[in-house]
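To keep things clear, I will list the structure first and then write my remarks on it.
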Amino acid sequence: MIRFPCSCGQTYEVPEDQAGNAFQCTRCGKLVDVPVLSDLRNLAADGTYGLDETPIAQHESATLEEMMLAYTRDKVDFYGNEKDLRNTQDDFAALGGPEALEFADDDDDENEASVRARAPKYDPITGELIRPLDVREKQRPTESEASVPVAKAMIAYARHRRGEHPFQASQILPEMFRPANLIVTMVIFIVHIILQLMLFPVMIGLWLLVPAMMIVAGLIFSHYAVVVNDIATEDKDELPRPLRDFGWHDDLWGPFVHFFVSAFIAYGPLIAVNWMPQKVVLLVAYSAAVVFWGTLIFPALFLTMTTSGHWLNLAPDKVLRVIKNLGFKYLLSVILWAIALISYAIGIGGTMFALASLFAPPGTMPGNPWIATAIAYPLLIVGIFIMHVFCWYLGLQYREYQPTFHWALQSHYRGGAAGTPEPRGKQGFFVGASRETPEARRARLAAQNPVPAVPVQPAATPPPPLPPQQ
C-alpha cells in the first residue's frame, strides 16, 4: 500500500498498482498525484516533495529538448511523450490559493458540501483547470456613444419591418429612378435589342434561330411575372434581378405560364376572327370589344395567376371579387396596363419597321425609317418602364387586399372546442329559408305519396282435434 498526504492534510492509502495515477481530492478538490515508490522518501508530511539542490552552471544554455518542451505549441516533447499540461501552484495562487478554501470538519457535512462546491474544477480529459468566465452586464450606451451615427438600412423592406411606414404606391415612380431599378430596366431593354438583332439572320433564311427568339421572348414575359410575385409574396420594395434565381419552376417556366395563360384568357378570343365573316365592320367591332374587355380584365387575371397559387382561383366569381375589392385602384392598374400595352405595341412595331427597311430595296418601304427609329425606341423604353410600374403596383395591391380575395387553398378553418369546424362565411347565392317544421314536412310528404293499403285476410279456422286412439 502507498500512504501519502494531500496538501490540505487529507491522508490517502492506495494499492501499489495505482502509483503514478491522479485523482481529485475529496476534501479540497485539487488534483492529487499518487507518488511512485521511488518518490516516497522525498514526500513530506504536508504533501510536498523535497528536491535535492542541483548545481547549475551560470552560463549553461538550454538544450534543444528543453526549448521544445517550453516554447513549442506541440503537446508532446522531443521524444514523443505527452507534456504535463496540468496547472501548477502558481495557477492556484492566481485563483486565490489553497488558503482561500476554508476546510470544515469531517463531521460538518453541510459545510463540506459548500467547500466542495467552491473547489476548483478540472477537465476530465486533459486535466486542465477550468477557470470561470466573468460575464459583464450589458450597459446602455452613454450620450456620447448614442450620438455616434449609425448607417440606416438601405433595403426598403428592411426599413418598414423595423416599425417604419410601409411602402406606398406613390413611392413607385421615385424608386424606379434608383440605380438598381434603372439597371434592371436597361437590362430588359438590351434583351429587346438582342431579340430584334436576331431578326437579321431570320430574314435571310436562317430559320434555326426562330426557337431561340421564342425562348428570349418567353424569358421577358417570365421576368414581368417574377416582378409581381417577388414584390407581392416576398414583401420586397425593389425590382428583382432579371429571372431572379433561374429556377425552372419558380423563375422560368412557371412565370411564363402565368403570363401566357392570363394573356390568352384576356385576348385569346381574337383567334375567332379567322372563322368570322370577312366584313370589315364586324371584324373591327369584334376585335375592339375583345381588346377592350381583355384590357379591362387582364390585371385581375395576371394578379391571380402569379400570386394565388392554383387554377381554381380563375373562376369568374373569384376574378370579379378581385376587381370589386380593389375598386378605384383596379381602374388605375387598368390604365397603367393600357399605357404599357400601347407603348410596347408601337415601340416594337416601329423598331421592327426600322429593321425591315434596312433589307428592303430603296423606295419600297413607305415613310422615313430614321423618323420611325427616333419615335419607336423611346416608346419601347417607356413601355418597359411603365410595365415595371404596373407589375410593382399589382404586387402592392396583393399585400393590402389579399385577405379579402378569399382564394381557394389559402384559408384554414380551425376546429371548435368540441372538434366541430367553426362556421364559415356566407358564400354562394341566397336561397330563402323554409319556415316549415319537420313534422309538417313529413305530413306533407305523406299526403303526396300515400302508402297503399294492404288488405288484411281473416285467419283460417283451425281444424278440430283428432280423437284419441284406442
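Residues TYR71, TYR344, arranged from fewest to most other Cβ atoms within 10 angstrom of their Cβ, appear as TYR71, TYR344.
Computed from backbone phi, the HN-Hα couplings of region 380-385 come to 5, 5, 4, x, 5, 5 Hz, rounded to whole numbers (Karplus: 6.51 cos²θ - 1.76 cosθ + 1.60, θ = phi - 60°; Gly and Pro given as x).
Counting alpha carbon pairs within less than 8 Å and at least 6 residues apart, what relative contact order, in whole percent, applies to region 165-404? Don't jump to the answer; show the numbers that get you there.
Details: 247 pairs, mean separation 59.6, N = 240.
In percent, rounded to a whole number, it is 25.
What number, in percent, do you get for the relative contact order of region 187-290 if the mean sequence gap of Cα pairs under 8 Å and at least 6 apart is divided by its residue count?
It comes to 20 percent, rounded to a whole number.
Distance between the 7 Å Cα→Cβ label points at ARG441 and ILE194: 6.7 nm.
Run the count for region 165-404, please: Lys pairs, Cα-Cα under 27 angstrom, 8 or more apart or on different chains. Please list the in-between numbers first.
Numbers: LYS236/LYS318; LYS236/LYS324; LYS236/LYS329; LYS318/LYS329.
Counting lysine pairs in region 165-404 gives 4.
Annotation for VAL14 and LEU282: the two label points, set 7 Å from Cα along the Cα-Cβ direction, are 11.1 nm apart. Working note: Karplus 6.51/-1.76/1.60 with θ = phi - 60° gives region 235-251 the couplings 6, 9, 10, 7, 5, x, 5, x, 6, 6, 9, 6, x, 4, 7, 8, 10 Hz, where Gly and Pro are set to x. Assuming 0.890 mPa s and 25 °C, estimate D for region 165-404 with Stokes-Einstein, Rh taken as the Kirkwood radius over Cα pairs, in µm²/s. It comes out at roughly 127 µm²/s.
Any read-out appearing in this document is the output of simple, stated calculations on the displayed coordinates, not a laboratory observation. Bear in mind that the values here come from a model prediction, so they are computed numbers and not experimental data. Here Cβ is always computed from backbone atoms with ideal geometry, including for glycine, and neighbour counts include all displayed protein chains.
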